[in-house]
Amino acid sequence: MSGIVRNKISAFSVQSLQRVGPYALSLRGYSSGAKEMTVRDALNSALDEEMSADPKVFLMGEEVGEYQGAYKVSKGLLEKYGPDRVIDTPVTEAGFAGIGVGAAFYGLKPIVEFMTFNFSMQAIDHIINSAAKSNYMSAGQISVPIVFRGPNGAAAGVAAQHSQCYAAWYGSCPGLKVLAPYLADDARGLLKAVIRDPDPVVFLENELLYSESFPVSSEVLDSSFCLRIGKAKIEKEGTDVTITAYSKMVGHALKAAETLSKEGINAEVINLHSIRPLDRQTINASVRKTNRLVTVEEGFPQHGVGAEICASIVEQSFNYLDAPAERIAGADVPMPYAANLERMALPQVEDIVRATKRACYRSEPRAATA
Amino acid sequence: MIKPGQPPQCFSRPSVLSSLSLSNPPPSQKKDKKKMSSPILSGAKILQTLPINSNAGGSASDPPKPLSDPLLLLKSKSSLFRSSPKLRRFSSYSPCRSFSSSSSSSSAVFAVSSDVVKEEKKKPKLSTSVSDLLITKEEALELYEDMVLGRAFEDMCAQMYYRGKMFGFVHLYNGQEAVSTGFIKLLKKEDCVVSTYRDHVHALSKGVPARAVISELFGKTTGCCRGQGGSMHMFSSDHNLLGGFAFIGEGIPVATGAAFTSKYRREVLKKADYNSVTLAFFGDGTCNNGQFFECLNMAALWKLPIVFVVENNLWAIGMSHLRATSDPEIWKKGPAFGMPGVHVDGMDVLKVREVAREAISRARRGDGPTLVECETYRFRGHSLADPDELRDPAEKARYAARDPITALKKYILDKKLGTEAELKAIEKRIDEVVEDAVEFADESPLPPRSQLLENVFADPKGFGIGPDGKYRCEDPKFTEGTAHV
């Protein structure tokens with residue numbers, strides 16, 4: 001699979017360079033050209049740097065230590081920081097998520113890793129009730145500087161109980177911040193930002209993105225690099241239609257935008273970064289410019305992120321819309337196992353292309369909607 | 001009225017050192033070890049369905065075993081109770097309370113409290129010399145005052161609720177004061193307490209002012225959580241009261257996390273003199289919840305400085321503990337995870353205090369967690385909305401006769417630790433404190449509209465960026481806005 005995104009904004013050329021590993025940060029001064037970094041390494045480097053900067057930060061989760069991380073995201077950290085700071089837990093999400101919350105209550109900065117966010121459902125009481133709501137219930141006395149991170153959404157062929165996207169569920173809860181990176185520099189910058197953040201954060205990664213490489217500038221590799229929470233990023237500027245997406249779907253949206261540009265539709269692609277707080281300002285400004293909206297997400301359609309974006313547009317930019325907003329989401333079914341059915345259940349590039357053409361009144365037949 | 005030879009309810013045991021405790025079974029019972037293990041349950045309706053192994057030979061035949069706590073078996077260091085001969089009173093508990101037929105296996109199991117103490121205390125002293133007393137006068141009066149405060153406060157809550165000044169869910173602690181006072185009064189300021197929705201008295205014992213608690217209950221902005229938490233969510237960072245949780249079992253992992261932090265601070269952040277202990281309070285119903293077991297496991301695994309305090313009041317709303325639990329003896333669940341499990345009479349504040357002292361110092365030393373089951377009772381219903389129809393009035397009467405406050409009062413007067421007048425003065429003072437608190441709360445203002453959106457985030461930029469491109473929280477009209485945040 002092609003993991004290289006040609007970012008039109010950047011002028012970097014993609015070279016076949018060595019991948020930047022987590023310990024290669026000392027090399028940052030030596031090359032001003034583009035390096036490439038996988039998302040996995042980006043996350044690893046962010047964890048490494050934040051743990052070395054602040055001794056109160058520790059990582060806890062299943063297989064994060066000796067196994068080097070279920071997806072190798074925490075590779076090398078146990079060796080470097082020891083078992084007191086990289087803690088392998090028993091298989092007890094409710095228990096260790098709660099322990100993380102309690103540690104955050106009392107002054108530490110835990111990073112709790114869920115092997116996938118599907119397992120976070122066992123701990124959701126602690127994420128919502130003890131973490132998200134505590135600052136409010138205690139009237140600011142007890143803040144909870146905790147990060148819950150892990151892969152979210154569909155992987156490949158892992159079927160219904162391992163494939164759900166939780167952005168919408170967590171995104172509706174006040175007191176939480178919910179982020180979903182796409183590029184390696186998103187992953188790195190946002191993870192560093194959330195570890196430093198004093199509030200509970202749900203950090204939704206994506207398993208299929210871990211191995212994808214993206215070019216990173218030397219600025220990104222600097223240890224103080226942080227992205228702003230709550231700010232969406234315009235990955236590709238355009239004039240005809242706005243496509244919003246997050247996580248893996250940003251890649252699909254960019255590919256769709258390429259296909260569309262050959263047909264004369266100049267799409268603007270917004271990488272949301274932040275599901276909560278949603279950057280309504282950027283989205284609305286973009287829609288006011290292009291007058292059309294297509295939202296793309298991997299999760300279930302009802303009450304999803306796209307639904308919220310559409311509602312926000314209707315409330316704030318109704319008069320600017322030239323066409324009804326199009327919402328692309330995963331199929332309204334539990335994820336099937338068969339490979340072809342799974343492909344049908346997830347948004348593909350063709351679906352985005354088709355929906356965008358519909359939004360631009362280039363009549364295309366509707367695909368099946370559940 | 002307690003009939004001699006028949007301690008009033010199911011789990012209690014006559015104290016060997018009855019002269020030093022608040023309940024006074026007759027001497028004959030104390031000396032006869034066999035008698036001590038006889039079933040005490042005849043009158044207890046709730047135990048009818050349980051086969052009781054009344055094999056009195058159990059305790060006598062088994063040699064005293066070393067500490068059953070597997071982690072400590074490896075060491076020859078003193079166990080939780082070895083140092084304290086007074087705690088022999090627990091010794092008879094294990095064998096006859098076992099529901100398995102073999103007494104040998106039962107006594108092997110596992111409350112550290114059984115068979116650990118090697119000394120045989122055959123003839124408890126009846127003298128009341130000062131050296132026999134468990135507490136000093138100041139301590140006794142302090143305990144008394146704390147329990148009276150808890151009781152008076154809760155009674156006032158009930159009054160205020162029925163007058164409409166308080167609303168929602170209010171869960172009162174009447175009858176269980178001995179547990180809160182017995183444990184929390186031994187803590188230092190940096191020690192943490194995590195509780196459930198029945199948390200008013202835990203807050204008061206930990207030092208949160210009565211004014212702050214009652215204002216919180218009234219929903220006023222001067223409450224300890226500015227009216228944003230309510231009855232079930234008492235938090236105080238100054239007093240290290242980490243909540244107040246509505247879901248049962250929710251507080252246990254949080255408490256375990258606070259204990260984890262204490263250990264982390266000492267070992268990783270190298271703050272050598274940091275050794276705070278955490279107490280997790282929860283009920284009998286919680287002991288069937290998965291999170292409880294998860295945390296027993298992790299706390300024992302990582303030897304966290306925590307004490308798990310079970311306030312077994314036999315009822316989870318209307319569900320009797322015996323109907324809900326396969327093995328109702330909660331203290332036994334401790335040794336299954338490698339920590340000592342202790343059962344104590346939770347209506348007797350001095351007994352609770354002794355057990356608490358050991359458990360807390362064990363945790364502080366770094367020897368790991370303890371599970372303490374306090375047998376207690378709530379005199380009122382589960383909450384003020386509970387009609388409390390399922391509990392047998394005879395059971396309630398039995399426990400009412402063991403009211404911890406009256407028992408401590410009797411003890412103080414008997415041992416001449418204080419006079420009637422002093423106790424009355426304490427009660428009067430507490431009444432004034434409570435009334436002053438209610439007045440204060442009445443006069444306090446309701447939270448202003450701008451408070452609605454405050455404290456959602458520690459960093460209010462979490463509300464994101466507004467339509468004008470600036471952070472929403474920087475907009476002066478932000479808190480006057482509509483629900484569309």
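The values are calculated or read from the model by the stated rules, or taken from the named source; none is laboratory data. Values in this document were obtained by computation on a predicted structure and should not be read as measured data. Because the Cβ atoms are built from the backbone with ideal geometry, glycine has one as well, and the counts that use them run over all protein chains shown.
Can you work out which of the residues in the range A:117-133 that are among the polar types (S, T, N, Q) and within 13 Å of another protein chain (Cβ to nearest Cβ) is surrounded by the fewest Cβ atoms within 10 Å (Cβ to Cβ)?
Filtering the range A:117-133 for residues that are among the polar types (S, T, N, Q) and within 13 Å of another protein chain (Cβ to nearest Cβ), the one surrounded by the fewest Cβ atoms within 10 Å (Cβ to Cβ) comes out as A:Gln122.
Specify which of the listed residues (A:Gly299, A:Gly306) is within 30 Å of A:Arg228 (Cα to Cα), part of a loop (DSSP other than H, G, I, E, B) and under 22 Å from the mean Cα position of the chain (by Cα).
A:Gly299 is the lone residue from the list that is within 30 Å of A:Arg228 (Cα to Cα), part of a loop (DSSP other than H, G, I, E, B) and under 22 Å from the mean Cα position of the chain (by Cα).
Going by the structure shown, is A:Tyr136 away from chain B (no Cβ under 11 Å), in contact (Cβ under 8 Å) with a residue 24 or more places away in the chain, not in a strand (DSSP E or B) and not hydrophobic (A, V, I, L, M, F, W, C)?
no
For the range B:357-386, how many residues are part of a helix (DSSP H, G or I) and either hydroxyl-bearing (Ser, Thr, Tyr) or farther than 19 Å from B:Lys303 by Cβ (or both)?
2
Yes or no, residue by residue, for (1) assigned to a helix (DSSP H, G or I); (2) free of Cβ contacts under 8 Å to residues at least 12 places away in the same chain; (3) not polar (S, T, N, Q):
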| position | (1), (2), (3) |
| --- | --- |
| A:Ile270 | no, no, yes |
| A:Ala331 | no, no, yes |
| A:Arg343 | yes, yes, yes |
| A:Ile352 | yes, no, yes |
| A:Thr356 | yes, no, no |
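Considering only helices (runs of 4 or more DSSP H) fully contained in the range A:145-221, which possess at least 1 residues that are farther than 21 Å from A:Gln122 by Cβ?
Ranges flagged: A:184-196, A:218-221.
Pick out, from the range A:11-116, the strands (runs of 3 or more DSSP E) lying fully within it that include 3 or more residues that are surrounded by 18 or more Cβ atoms within 10 Å (Cβ to Cβ), assigned by TED's automatic domain parsing to the domain that holds A:Ile195 and modelled with pLDDT of 95 or more.
Those strands (runs of 3 or more DSSP E) span A:57-61, A:109-113.
Can you confirm whether the range A:205-212 contains a residue that is touching a Cys at 6+ places or on another chain (Cβ under 8 Å) and on the phi < 0 side of the Ramachandran plot?
So far as the range A:205-212 goes, no, none of its residues is touching a Cys at 6+ places or on another chain (Cβ under 8 Å) and on the phi < 0 side of the Ramachandran plot.
Go through the residues of the range B:442-459 one by one and say whether even a single one is within 14 Å of chain A (Cβ to nearest Cβ), within 22 Å of A:Glu315 (Cα to Cα), surrounded by 19 or more Cβ atoms within 10 Å (Cβ to Cβ) and aromatic (Phe, Trp, Tyr).
No, the range B:442-459 has no match at all.
Search the range B:246-263 for residues being assigned to a loop (DSSP other than H, G, I, E, B) and facing chain A (nearest Cβ under 7 Å), and hand back the single one that is surrounded by the fewest Cβ atoms within 10 Å (Cβ to Cβ).
Selected residue: B:Phe247.
Here's a check for you: in the range A:98-110, which residue that is farther than 27 Å from B:Ala212 by Cβ and touching a Phe, Trp or Tyr at 6+ places or on another chain (Cβ under 7 Å) is farthest from the other protein chains (Cβ to nearest Cβ)?
A:Pro110
Can you name the residue in the range B:350-402 that is of a type in the set (Gly, Ala, Ser) and surrounded by 15 or more Cβ atoms within 10 Å (Cβ to Cβ) and, of all such residues, is nearest to B:Lys137 (Cα to Cα)?
If we take residues in the range B:350-402 being of a type in the set (Gly, Ala, Ser) and surrounded by 15 or more Cβ atoms within 10 Å (Cβ to Cβ), then B:Ala356 is nearest to B:Lys137 (Cα to Cα).
Return the residues of the range B:272-285 that are buried (at least 18 other Cβ atoms within 10 Å of the Cβ), of a type outside the set (Asp, Glu) and either within 13 Å of chain A (Cβ to nearest Cβ) or not in a helix (DSSP H, G or I) (or both); say none if nothing qualifies.
B:Asn275, B:Ser276, B:Val277, B:Thr278, B:Leu279, B:Ala280, B:Phe281, B:Phe282, B:Gly283
Can you pull out the residues in the range B:170-203 that are within 14 Å of chain A (Cβ to nearest Cβ) and assigned to a loop (DSSP other than H, G, I, E, B)?
B:Lys189, B:Glu190, B:Asp191, B:Ser195, B:Thr196, B:Tyr197, B:Asp199
Would a scan of the range A:286-299 turn up a residue that is within 14 Å of another protein chain (Cβ to nearest Cβ) and buried (at least 22 other Cβ atoms within 10 Å of the Cβ)?
yes
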